[in-house]
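Read through the structure below, which is laid out as structure tokens, and then see the notes.
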Amino acid sequence: MPAVSPIVEFQSVAKRYGDGPLILDAINLQANPGDFISLIGPSGCGKSTLLRLIAGLNPVSGGSIRIAGRSPEEASAELAFVFQEPTLLPWLTVAANVDLPQKLRGLAAVERTAATEKALALVKLDGKQRAYPRQLSGGQKMRVSIARALTLNPKILLLDEPFGALDEMTREHLNEELLTIRAQQAWTAFFVTHSVAEAVFLSNRILVMSANPGRIAHDITVDLPTERTNDTRLTRPYQEQVAEVSRLLRSVEET
Ligand SMILES: Nc1ncnc2c1ncn2[C@@H]1O[C@H](COP(=O)(O)OP(=O)(O)OP(=O)(O)O)[C@@H](O)[C@H]1O
Ligand SMILES: [Mg+2]
């Protein structure tokens, strides 16, 4: 018996859309509770597809996915998704946007208000409850989107290039905040990014994917202390890890 049972398990997973080409093939993967796993790979290799399979938004075409022993559909209440675009409703305030998924899940108003307040405090947006999305910066909108996901108290957080549209300073700042939040909430993360630096900073594991069909080409354990701060980026082990992952990514992109 392994010491911990995996929270997410892929067995020989394949995916095609309709009768189109094979998008993902032979994906075997075991994620442990508390893992922060980044997915990186060429555009079109199937990273977003892989997240959508975990979320049960699309069915697999072959093999199986189990989430704590259940199917993705059965486990959907344990999951929250953060998309690349903040996808906020412009006619609702920040608080109402954060409230909405909880409302859709039928949670009681008192509970919802408490969870919304807590999540907005976690992303440092208390005070913006009554603002509208148009009154926020890009980074603030993304914080709202993360807060909205956190109110669902997910066991698994799926993030699809959440910081891709932000400038580097804002992105680095949000990376640090994401880890601070994670220290307080024990979710398992799957994080898609095109930034090697971001992947190394956030993750304990990085999956480098190759394309046509998408496969896991390299499964890298990030050998850095769990505690990461702005200074981590200046350390030699961090920079060596970034160089190594960049090299593996280039080798995948050249084939
Ligand atoms: N709903 C769909 N129907 C048909 N084909 C799709 C669908 N969604 C994605 N695909 C195809 O699947 C492949 C993988 O797409 P996916 O969005 O998963 O890639 P990705 O790795 O996330 O790329 P990017 O880095 O550009 O976001 C692409 O060839 C895409 O055209
Ligand atoms: Mg994508």
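Key figures
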| item | result |
| --- | --- |
| Under Karplus coefficients 6.51, -1.76 and 1.60, residue-wise ³J(HN,Hα) of the range 144-158 in Hz, glycine/proline x | 4, 4, 5, 4, 4, 5, 5, 5, 7, 6, x, 7, 10, 10, 9 |
| Simple spin-label estimate for Arg134 and Ala186 in nanometres, 7 Å along Cα-Cβ | 4.5 nm |
| Volume per residue that the Cα convex hull of the range 104-230 spans, once the total is divided by residue count, Å³ | 142 Å³ |
| Sorted by Cβ neighbour density within 10 Å, fewest at the top, the residues Asp25, Asp160, Asp19, Asp219 | Asp19, Asp219, Asp25, Asp160 |
| Packing-based order for 110-116, 176-182, 97-103, using average beta carbon neighbours within 10 Å, highest first | 97-103, 176-182, 110-116 |
| Amide hydrogen neighbours beyond the local backbone of Ala217, cut-off 5 Å, H modeled | Val208, Met209, Ser210 |
| Kirkwood Rh in Å, taken over the range 1-45 so that all alpha-carbon pairs contribute | 12.6 Å |
| Within the chain, helix-based [θ] at 222 nm, where runs of 4 or more DSSP H residues each add -39,500 (n - 2.57), nearest 500 | -11000 deg cm²/dmol |
| Long-range HN-HN contacts of Val222 with modeled amide H, under 5 Å | Arg205, Ile206 |
| For Phe191, distant residues with modelled amide H under 5 Å away | Ile37, Ser38, Leu39, Leu159 |
| Calculated FRET efficiency for the pair His173/Leu107, C-beta based, R₀ 22 Å, to 0.05 | 0.10 |
| Rg(Cα)/(2.2 N^0.38 Å) for the chain, N = residue count | 1.01 |
| Top of Leu234, Leu57, Leu136 by mean-square fluctuation, Gaussian network on the chain, Cα under 10 Å | Leu234 |
| Tyr17, Tyr238 arranged by Cβ crowding within 10 Å, fewest neighbours leading | Tyr17, Tyr238 |
| Residue-wise HN-Hα coupling along the range 31-37, computed from phi with Karplus coefficients 6.51, -1.76, 1.60 (Hz; x: Gly, Pro) | 10, 8, x, x, 5, 10, 10 |
| Lysine pairs meeting the criterion (Cα under 26 Å, 8 or more apart or interchain), as found in the range 8-254 | 16 |
| Degrees separating the helix 168-184 axis from the principal Cα axis of the chain, which is the longest one | 80 degrees |
| Kirkwood-based shape ratio for the range 87-143, expressed as Rg/Rh from alpha carbons | 0.95 |
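Laboratory data are not the source of any read-out in this text; all were calculated from the coordinates shown. Here the structure is a predicted model, which means the values were calculated and not measured. Here Cβ is always computed from backbone atoms with ideal geometry, including for glycine, and neighbour counts include all displayed protein chains.
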